[in-house]
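Okay, so here's the structure we're looking at.
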Amino acid sequence: MRVIPVDTSGATLLVTKLPEVKVRDRQTGEVAVDPVTNQRLMVLELVFIAAGGSDMMKVTVPEQGIGDGLVMGAPVILSGLVARPWESEFGGRARHGIAYRADAVMVDAPAPVRG
């Protein structure tokens, strides 16, 4: 599977939905975990603002990578953000999209003013 690094240095990212536990199977309620670390996975929603436009995106982050102080509308920084194109067939219909995954999400606090 292709993994594409995403550069967010020229963008503003704002929290639009706080992290929630990612559910792997909605019918059984099975929680999604990282296959390597066995950490529970969380998903949050952000607005990505760059180049005069904006898009909503869902990002999966390991539970231990969720930084303190996340609130609605907070500007954030994503560490290790990658995009993974996916496709599947369900009920005879082809579906496709992009899944976003980051190592960590932290509040982007402005540097303290010194004077």
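Of all residues in the range 4-24, those satisfying the criterion of being exposed (fewer than 10 other Cβ atoms within 10 Å of the Cβ) and either within 14 Å of the chain's Cα centre (by Cα) or within 21 Å of S88 (Cα to Cα) (or both) are P5, D7. Check W86 against each of (1) in contact with a His (Cβ under 7 Å, 6 or more places away or on another chain); (2) surrounded by 14 or more Cβ atoms within 10 Å (Cβ to Cβ) and name the one condition it does not meet. So the condition that W86 fails would be (2). Quick check: anything in the range 65-75 part of a strand (DSSP E or B), out of contact with any Leu (no Cβ under 9 Å at 6 or more places or on another chain) and not aromatic (F, W, Y)? So far as the range 65-75 goes, no, none of its residues is part of a strand (DSSP E or B), out of contact with any Leu (no Cβ under 9 Å at 6 or more places or on another chain) and not aromatic (F, W, Y). Among the residues of the range 25-60, the one identified as surrounded by 13 or more Cβ atoms within 10 Å (Cβ to Cβ), outside any strand (DSSP E or B) and among the charged types (D, E, K, R) is D34.
Kindly list, by first and then second residue, each pair from a residue in the range 79-90 that is in contact (Cβ under 8 Å) with a residue 60 or more places away in the chain and closer than 12 Å to I4 by Cβ to a residue that is basic (K, R) and part of a loop (DSSP other than H, G, I, E, B), limited to pairs with Cβ atoms under 7 Å and residues at least 6 apart or on different chains. Between residues of the range 79-90 that are in contact (Cβ under 8 Å) with a residue 60 or more places away in the chain and closer than 12 Å to I4 by Cβ and residues that are basic (K, R) and part of a loop (DSSP other than H, G, I, E, B), the close pairs are R84/R2; P85/R2.
As for the range 2-24, it holds no residue that is more than 19 Å from A109 (Cα to Cα), in contact with a Pro (Cβ under 6 Å, 6 or more places away or on another chain) and not in a loop (DSSP other than H, G, I, E, B). When you check A109 against the structure, is it of a type outside the set (S, T, Y), more than 15 Å from V15 (Cα to Cα) and either out of contact with any Gly (no Cβ under 9 Å at 6 or more places or on another chain) or in a loop (DSSP other than H, G, I, E, B) (or both), yes or no? Spelling it out, it is not the case that A109 is of a type outside the set (S, T, Y), more than 15 Å from V15 (Cα to Cα) and either out of contact with any Gly (no Cβ under 9 Å at 6 or more places or on another chain) or in a loop (DSSP other than H, G, I, E, B) (or both).
Taken together, the values in this text are just the output of simple stated rules run on the coordinates, not laboratory data. Small disclaimer: the values here were computed from a predicted structure and weren't measured. When we count neighbours, we look across all protein chains shown, and the Cβ atoms used for this are built from the backbone with ideal geometry, even at glycine.
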